[in-house]
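Here is the structure we will look at, set down as C-alpha cells.
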Amino acid sequence: MRYELVIFDNDGVLVDSEPISNTVLAGYLTELGHPTSYEESLRDYMGAAIHRVHDLVDERTSQKLPADFDEELHRRTLAAFQEEQLAAVDGVEELLGELVADGVAYCVASSGSHQKIAAGHRKTGLDQWFEEEWIFSSEDVGRGKPAPDLFLHAAERMGVAPDRCVVIEDSPLGVEAARAAGMEVYGFTSMMPADRLVGVTGHFSDMSQLRKLLA
C-alpha cells in the first residue's frame, strides 16, 4: 500500500449515524424556531463541527442558539443512538481487518465529540478495532472541518507526514479539510452525490471498492 496512515471520518464512513444525527439536528432546530429539513441539515451541516450550526443560524437569522444547545443536542443524539438500530457501515470491519493484516496504521478524525464517537463505536462493536490514542475529535483542535487542523493533528500524533496519509470522507467539508492538509482523499458516495465531493483522488460507493483503491 502506498499510504502509511489511513484517516477515517467517523459518522457515515465507519458508523452509519448520519441519518440519525441529522434527523435529530433538523428536528431540534425546527423546534427552536429555525425550520430545517433533514435534507437541509445534510446539505449545511454534514461533516461539520457543532460551531458551524451556531455560525450559520447567527448569520441567517441574527439570533443566538440557547446556551445549552450543544449539551442538549448531544443528549438527544446519544439517546437516539441507543433507541435506533445503529450499525457499522457495511464492509468496514473487513477493511479494518485487512489493514491490520497488512500492518497499515489507521485512525479516526471526526467532527463529533469523543463521547459521541465512543458511544457509536460501543453500540456497533467497532470499539474493538480502535485504541483510545487512535481517536481524534474536533474537540482536540481550535477549528473543525473544513479547516485542516484536525487532520494535521491526527497525522502528527500518529507520527506520519501529511503526504503519506490518505483520508476517507463522505462530506464536502471533510474533503476540503483533507485537501487543505495536503492529503489525498477518497470520497464515499453512500449519502452524498459524487459531484458534491470535488477534488478527491477517487470515489467509491462501498467498502469493497475502497479496499481495491487503497491496495
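For the range 168-215, the candidate set comprises residues that are among the aromatic types (F, W, Y) and under 14 Å from I7 (Cα atoms); within that set, the residue that is nearest to the chain's Cα centre (by Cα) is F188. Among the residues of the range 187-208, the one identified as small (G, A, S) and either buried (at least 17 other Cβ atoms within 10 Å of the Cβ) or in the same structural domain as D44 (by TED's automatic domain parsing) (or both) is G187. Can you work out which of the residues in the range 8-27 that are among the hydroxyl-bearing types (S, T, Y) and buried (at least 20 other Cβ atoms within 10 Å of the Cβ) is farthest from the chain's Cα centre (by Cα)? So, considering only residues that are among the hydroxyl-bearing types (S, T, Y) and buried (at least 20 other Cβ atoms within 10 Å of the Cβ), the one farthest from the chain's Cα centre (by Cα) is S21.
Looking at the structure I just gave you, is A26 outside the structural domain of T124 (by TED's automatic domain parsing), modelled with pLDDT under 95 and of a type outside the set (D, E, K, R)? Considered against the rule, which asks whether it is outside the structural domain of T124 (by TED's automatic domain parsing), modelled with pLDDT under 95 and of a type outside the set (D, E, K, R), A26 comes out as no.
Taking only the range 102-126 into account, find how many residues are without any contact (Cβ under 8 Å) to a residue 24 or more places away in the chain and in contact with a Gly (Cβ under 9 Å, 6 or more places away or on another chain). Write out each step before concluding.
First pass over the range 102-126, keeping only residues without any contact (Cβ under 8 Å) to a residue 24 or more places away in the chain: 103, 118, 122.
Filter once more, keeping what is in contact with a Gly (Cβ under 9 Å, 6 or more places away or on another chain): none.
Here the count works out to 0.
Checked against (1) free of Cβ contacts under 8 Å to residues at least 60 places away in the same chain; (2) exposed (fewer than 15 other Cβ atoms within 10 Å of the Cβ); (3) of a type in the set (D, E); (4) closer than 29 Å to M207 by Cβ, E93 passes all but condition (2). The residue that is farthest from S205 (Cα to Cα), counting only those in the range 146-176 that are in a loop (DSSP other than H, G, I, E, B) and out of contact with any Gly (no Cβ under 6 Å at 6 or more places or on another chain), is G159. Annotation note: of T36, T30, the sole residue that is crowded, with 18+ Cβ neighbours inside 10 Å and of a type outside the set (D, E, K, R) is T36.
Just the residues that are on the phi < 0 side of the Ramachandran plot and part of a loop (DSSP other than H, G, I, E, B), please, taken from the range 198-215. Hits for the range 198-215 are V198, V200, T201, S205, D206, A215. Filter the range 177-197 for residues that are at pLDDT 95 or above and part of a loop (DSSP other than H, G, I, E, B) and give the result. A181, G182, M183, T189, L197 - these are the residues of the range 177-197 that are at pLDDT 95 or above and part of a loop (DSSP other than H, G, I, E, B).
The values are calculated or read from the model by the stated rules, or taken from the named source; none is laboratory data. What you see is a predicted model, and the numbers here were worked out from it, not measured in a lab. In this analysis, Cβ positions are derived from the backbone assuming ideal geometry, glycine residues included, and neighbour counts consider all displayed protein chains.
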